[in-house]
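Just so it is clear, none of the values below were taken in a lab; they were calculated from the coordinates. Small disclaimer: the values here were computed from a predicted structure and weren't measured. So basically every Cβ, Gly included, is an ideal-geometry build from the backbone, and we count neighbours across all protein chains shown.
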Amino acid sequence: MIKLSPSLLAADPLHLGDALKLTLDAGCEELHFDVMDAHFVPNLTFGPHILAGMKKQADFCYDVHLMLTDPITMIDTYAKAGAQVITVHVEANGFEESLCRIRELGLKAGASINPATPAEALRPYLHLIDRVLLMTVVPGFGGQKFMPEALLKAKELREMGFTGEIEADGGVSPANMRETVDAGVDILVMGTAFFKAEDPYEVARQVHAL
Ligand code: DX5
Ligand code: ZN
């Protein structure tokens, strides 16, 4: 079954607990937790204390997407706060070391790749990667336009022999989810399309019917 990972970035910032409850009630498999450092991307979001608060509320799969220049400095902190998956960017510093540390902590290691970076950049590290996060927008902000050409990387990764999960992030919505899944994606991140939907339950139902 295709998994849905709503992105907390699009939730009402004064009601993050309600966003977690909605994610659980709608039967989503994960919650996507975007961490930005105002350096790797020009924006700043949530810290580990928010994740720890959520983890205390619900023992769930928190999908932590680190958009940090030096992710290695924060991996242990987010692991302790309750992450189950930690994803780091191939464009960031210390990529290999970060993947190894995430796995050493017993978590799933995700590798994210920006639209402008070729899939080939991941080839030397595939044995260390549990999940690839294909960016379908330039990271930094929610609510951007979906870039379908990024999906071609799913096929390229399979041709390289990658057998782990593939996740798409950025501008994913009911309007493009069919082509996203047909391209070989297993997990859909949806910020705006889920939290700002008139009926998020219906969005989750549609994803699970794919
Ligand atoms: C972008 C983030 C995405 C974003 C997705 O930098 O990594 O997770 O929140 O939001 P939407 O679905 O609104 O594009
Ligand atoms: Zn993200």
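D by Stokes-Einstein for segment 30-179, Kirkwood Rh over Cα pairs, 37 °C, 0.692 mPa s: 212 µm²/s. All Cα-Cα distances of segment 2-104, cut into 10 Å bins from zero to the largest, leave 16, 49, 30, 5 percent in each bin in turn. Annotation for segment 76-152: trypsin sites (Lys or Arg not before Pro) lying in DSSP loop with at most 15 further Cβ atoms inside 10 Å of their Cβ are Lys145. The radius of gyration of the Cα set in segment 82-141, together with its Dmax, comes out at 11.1, 31 angstrom. With R₀ set to 35 Å, the beta-carbon distance separating Glu97 from Leu152 gives a calculated FRET efficiency near 0.75.
Across segment 3-208, the mean sequence separation of Cα contacts (distance under 8 Å, 6 or more residues apart), normalised by length, yields a relative contact order of 20 percent. Would you mind counting up the charge near Leu107? Only other residues with Cβ under 14 Å from its Cβ, with Lys and Arg at +1 and Asp and Glu at -1. Once positives and negatives cancel, what remains is 0.
Given only helices, namely DSSP H runs of n ≥ 4 each adding -39500 (n - 2.57), what is the per-residue ellipticity at 222 nm of the chain, to the nearest 500 deg cm²/dmol?
Details: 8 runs with 64 residues, N = 210.
After summing the helix terms and dividing by the residues of the chain, the value is -8000 deg cm²/dmol.
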